[in-house]
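The values are calculated or read from the model by the stated rules, or taken from the named source; none is laboratory data. As the structure is a prediction and not an experimental result, all values here were calculated from the model. Note: accessible area is taken over every heavy atom of the protein model, side chains too, but ligands, DNA and RNA are not part of it. Shrake-Rupley method; radii C 1.70, N 1.55, O 1.52, S 1.80 Å.
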Amino acid sequence: QVWLVESGGGLVQAGGSLRLSCAASGRTFNIDTMGWFRQAPGKEREFVAAISRSGSTPYYADSVKGRFTTSRDNAKNTVYLQMNSLKPEDTAIYYCAARLYGSGPFYSSSQYYYWGQGTQVTVSS
């Protein structure tokens with residue numbers, strides 16, 4: 001079992017920045033990839049970013065590439081999502097998720113077994 005606790009969401013003006021964190025506890029040694037997803041009202045949950053245990057191969061959705069950066073601190077069992085140059089279309093509930101060792105596309109939400117409670121990010125014009 002893995003527990004994920006998110007923090008760092010809030011209200012910010014367009015062009016501003018926020019940093020989300022996700023602390024993992026439990027059987028974290030089985031985690032391969034940590035992912036970030038978001039869901040806006042009336043829309044499906046979409047992939048945002050993912051990072052492997054080594055932290056050397058992060059991946060990003062085209063919509064956030066160049067603006068968002070994900071990183072992790074394995075000693076603290078924590079993953080971060082630094083969000084810069086925020087746009088109103090970034091408004092959504094953001095979720096972190098943990099993927100166990102295995103195969104399959106890292107950008108698919110179905111590959112992740114454990115999920116955080118979600119944190120609201122609102123970007124005003």
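Note on the chain: with neighbouring protein chains present and a 1.4 Å probe, carbon and sulfur make up 49 percent of its accessible heavy-atom surface. For segment 1-111, averaging the sequence separation of C-alpha pairs within contact (under 8 Å, six or more residues apart) and dividing by the residue count gives a relative contact order of 34 percent. What translational D, rounded to a whole number of µm²/s, comes out for the chain from Stokes-Einstein when the hydrodynamic radius is the Kirkwood one over Cα pairs, at 4 °C and 1.567 mPa s? Once the numbers are plugged in, D ends up at 90 µm²/s.
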